[in-house]
Amino acid sequence: MSSSRPSVPPGPSRRDAALRGVRELLPATPGIFAWGLVTGVAMVKSGLGVDYALALSLLAYAGSAQLAALPLIATAAPLWLIFLTALVVNLRFIVYSAVVRPGFAHLHWNRRLWLGFIVGDVMFVRFTSLMRDEPDYPHKVAYYTGGAIANWIIWQVASIIGIVAAGQIPTAWGLELAGTLALVALLAPLCLQVPVLGGAVAAVIVSILGHSLPLRLGLLLGMVVGMAFAMLLERARPAASEAS
Amino acid sequence: MNDVYLWSAILLVTLATLVTRSSLHLLGERLRLPASVESALRFAPACALAAIAASDLAYTQNVLDLSLDNARLIAGLGAAAIQLGTRSMAATIGGGMAIYWLLRWLA
């Protein structure tokens, strides 16, 4: 998190960058693991067979979309509705990809495809911090790839354990809270600047008010309103936001 | 529920994941966003995290609970304070879970 290694020449190798990505992802392990575990358990508890649950986890790698699709699959809902639901629940990732796009623009299309596919919330935030704080860091893509692959492995291992041992995992412990706390840990330091704090507060309010909207649209709405509000705040007090 | 249906559902969820996460990457340089949108995107990480965390913490089984009885909410706020004090994610997750479990045992 606070690795302040200066990236002066000769600079880190690609391998160093990938390892740094892994290192900066690892502290989030309890959160990612708990989330994967709970998702795995939920898939089996919804009635999905172990083989299908494993396939869904390994192929889709999309916690919230998987969870949203489960009740639909369990009730044999139309396939188009399942697709639409997964699409809408995933919408925040369109914004994520718009944010990190400049960092990948120079790569071949098939690498961009899979770099987009392996994004997770934690590595997304870490990568944007790196782009902001160390714009000249070489091997940003290796940094991202290392952390994102570590995230994938941790999530899949946890999810598979959850699927296979669904009966033995105590759901009453509220383990999924650990995943949310990992996001809180990423969020808190970002809010030390006024426009960001204002945007986050707006996102919180709108997300809470919009909770009853279908397909987690309240979440997307909160995010968009928060971004717009942060912009307004920044324009209202341009001098103060030069701190970063 | 037959095999074809289940496999179709799994592949469609996968496709939805790919479309949302990678389509902008595939468009690459061809898509130009307005400067104001590009600028607002800087706030996306914090706003996304805030929106997700708020709906996770403020609601218990789809019921809004902003009272001190909501152990998850208190644990979340405590975790934010721990993060700002220690800058350690391990301490934040561990401390937050400890607060949560403690409050539940006390309740």
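At a glance:
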{"read-out": "Potential lengthening between residue A:74 and residue A:153 on full extension [0.36 nm per residue; Cα-Cα distance subtracted]", "value": "25.7 nm"}
{"read-out": "Averaged over A:116-123, number of beta-carbon atoms from partner chains that fall within 10 Å", "value": "4"}
{"read-out": "Scattering profile of the protein assembly as shown at q = 0.06, 0.08, 0.15 Å⁻¹ [log10 I(q)/I(0), Debye over alpha-carbon scatterers]", "value": "-0.21, -0.37, -1.43"}
{"read-out": "Accessible-area composition of the range A:191-244, carbon plus sulfur, in percent [1.4 Å probe]", "value": "74 percent"}
{"read-out": "1.4 Å probe accessible area per residue over the protein assembly as shown, in Å²", "value": "45 Å²"}
{"read-out": "Highest average packing first - A:31-43, B:43-55, Cβ atoms within 10 Å", "value": "B:43-55, A:31-43"}
{"read-out": "Net length gained if the chain between residue A:171 and residue A:15 were fully extended (0.36 nm per residue, minus Cα distance)", "value": "52.3 nm"}
{"read-out": "Cα-projected label distance for residue A:108 with residue B:90, points at 7 Å along beta-carbon direction, nm", "value": "3.9 nm"}
{"read-out": "Additional length obtainable on full extension of the chain from residue B:5 to residue B:102, 0.36 nm per residue less Cα span", "value": "30.4 nm"}
{"read-out": "Shielding by partners - mean other protein chain Cβ count within 10 Å, residues of A:220-229", "value": "5"}
{"read-out": "Peptide ranges A:168-178, B:84-94, B:56-66, B:10-20 listed from the most packed, as the mean C-beta count within 10 angstrom indicates", "value": "B:10-20, B:84-94, A:168-178, B:56-66"}
{"read-out": "In the A-B interface, the accessible area buried, summed over both sides, Å² (probe 1.4 Å)", "value": "7000 Å²"}
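The values are calculated or read from the model by the stated rules, or taken from the named source; none is laboratory data. None of the values given here were measured: they were computed from a predicted structure. Methodologically, a virtual Cβ is constructed for each residue, glycine included, from the backbone with ideal geometry; neighbour enumeration extends over all protein chains shown. We work out accessible area using only protein heavy atoms, side chains counted, and drop any ligands, DNA or RNA first. Shrake-Rupley method; radii C 1.70, N 1.55, O 1.52, S 1.80 Å.
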